[in-house]
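Take a look at the structure set out below.
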Amino acid sequence: MALSETPTEAGSRRIARPVPLRESVYNAILDMIVSRNLQPGQHLVESELALMLGVSRQPVREALQWLKNDGWVDLRPGLGAFVHTPTVEEADQLLAVRSLLETESARLAATRATEEGVARLRELCDHGHEALAAEDVNTLVELNAELHREVMKMSGNDVLVELAAQVDRRVRWYYTPVARHRGEQSWIEHAALIDAIAAGDASRAGEVMAAHTEHTRRSYLEHRDDADDAAPALRGRVH
C-alpha cells in the first residue's frame, strides 16, 4: 500500500541520529577541563584518556584536535597534548568582556523583572548559601553560572544572551579555582544584585554587577599569581 504521508510528515518521524562519538568525547574532556579535574598545563595522554572514557584512541585524537582548534588544548610537536594554560592577558580580556555583557544584562533585567523571575533568583541564591555551607565547590560553580544565566535571560536581549553563552564555559573555567576564595562575599553580592533588580533600579543593578564581576576578575588574577608561585611543577599527567 502506498504511503499517504506528506514528505514533511514523514520527515517528522525520522529517528534522531546519535551524537558522534568524537563529540561525546570532546564534551567529556572539556567538562574535565572546565571543572579543573584536568589542570592547566596537564599532559593529556591519548591512551589514558581512552581507557578512562571507555573508547578507542581515534575519537580521543579527534576530540583533542577539536579542543586545540577551540583553544582548550595545546598540541606540542614531539611532546603531545596539554591542557591550555591561559595567559594573564587572555583571562583579563575575557573577564573584562564578561563584565560589560553582564553589567548591561543586569541593568536591562531590572527594567523587565517579574515576581516569578525574582523568586527564581532568590531560590538560586539560597541554594548558593547552602552549597557554601557544605563546601560543595562544584555546586557553587554551577549555581553561580545558573544565576548569571537567569539574569542574562531576564534582560530580554537575545544578542546579549547569545554572546554570553559563547563565553560561559570559559568563565566557569576561570571561576572554579576562586569559588571557595570568593565564598560568602560573592553570594552577598548576588543578594544585593537581586534586591536592585527586584526594586527595578537599573542604575543600581548595573553598578552592583560591575563591582561583582570586577571582584571575580581580581580574585582570579590574584589566585593565578599565588598558584604560579606555589607549585608550578605539580602539573602532571592525567590520572
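The numbers here are math on the coordinates, done by the rules we state, and not lab data. Just so you know, these numbers come straight off a predicted model, no measurement behind them. Note that each Cβ is placed from the backbone with ideal geometry, even for glycine, and that neighbours are counted across all protein chains shown.
Between D136 and E90, what is the label-to-label distance in nm when each label sits 7 Å out along the Cα-to-Cβ direction?
For the pair D136/E90, the computed spacing is 3.1 nm.
Pop the C-beta distance of T114 and V159 into the FRET formula with R0 = 25 Å and round what comes out to the nearest 0.05.
0.75
State the label only: which of (1) 14; (2) 33; (3) 21 corresponds to percent of Cα pairs over 32 Å apart computed from the shown model?
(2)
Please give the length that would be gained between R149 and L79 if that part of the chain were fully extended, namely 0.36 nm times their separation in residues minus their C-alpha to C-alpha distance (nm, one decimal).
Working it through step by step, the gained length comes to 21.3 nm.
Compare the Cα positions of V141, L160, L79 along the charge dipole of the chain (+1 at Cβ of Lys, Arg; -1 at Cβ of Asp, Glu; about the Cα centre) and return the one farthest towards the positive end.
L79
On a full-extension model of 0.36 nm per residue, what is the gain between Q39 and A191, subtracting their alpha-carbon distance, rounded to one decimal in nm?
Here the segment from Q39 to A191 would lengthen by 51.6 nm.
Run the numbers for H215 and D168: contour at 0.36 nm per residue of separation, minus the present Cα-Cα distance, in nm.
Taking H215 through D168 to full extension adds about 15.2 nm, to one decimal.
Taking the mean number of other Cβ atoms within 10 Å as a proxy for protection, how do you rank 144-152, 88-96 from highest to lowest?
Ranked from most to least packed, the peptides come out as 144-152, 88-96.
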